[in-house]
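See below for the structure under consideration.
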Amino acid sequence: MFGIFKNKSKEEKLQEKYNGLMKEWHTLSSINRSESDKKYVEAQETLEELVALQKN
């Protein structure tokens with residue numbers, strides 16, 4: 001109940017962003033290949049940020 005007001009950490013925000021980008025990538029993969037590739041690159045950059053954050 002009290003978790004509703006908890007602020008999300010930067011790590012949680014990056015994980016949500018990554019998950020959203022991967023869903024968009026999967027949807028676009030059958031519709032528009034070039035846009036799909038752009039989303040995949042953006043997701044990989046987000047993943048790299050997340051990994052770097054977890055190492056620190």
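Every residue, every condition in (1) without any contact (Cβ under 8 Å) to a residue 40 or more places away in the chain; (2) among the basic types (K, R); (3) touching a strand residue (DSSP E or B) at 6+ places or on another chain (Cβ under 8 Å), yes or no:
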| residue | (1), (2), (3) |
| --- | --- |
| F5 | yes, no, no |
| S9 | yes, no, no |
| K13 | yes, yes, no |
| E16 | yes, no, no |
| E24 | yes, no, no |
| L47 | yes, no, no |
| L50 | yes, no, no |
| L53 | no, no, no |
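For the range 2-53: of the residues being part of a helix (DSSP H, G or I) and of a type in the set (K, R), which is modelled with the lowest pLDDT?
So, considering only residues that are part of a helix (DSSP H, G or I) and of a type in the set (K, R), the one modelled with the lowest pLDDT is K10.
The values are calculated or read from the model by the stated rules, or taken from the named source; none is laboratory data. From a predicted model like this one, the values you see are computed outputs, not experimental measurements. Glycine gets a Cβ as well: all are built from the backbone with ideal geometry, and neighbour counts include every protein chain shown.
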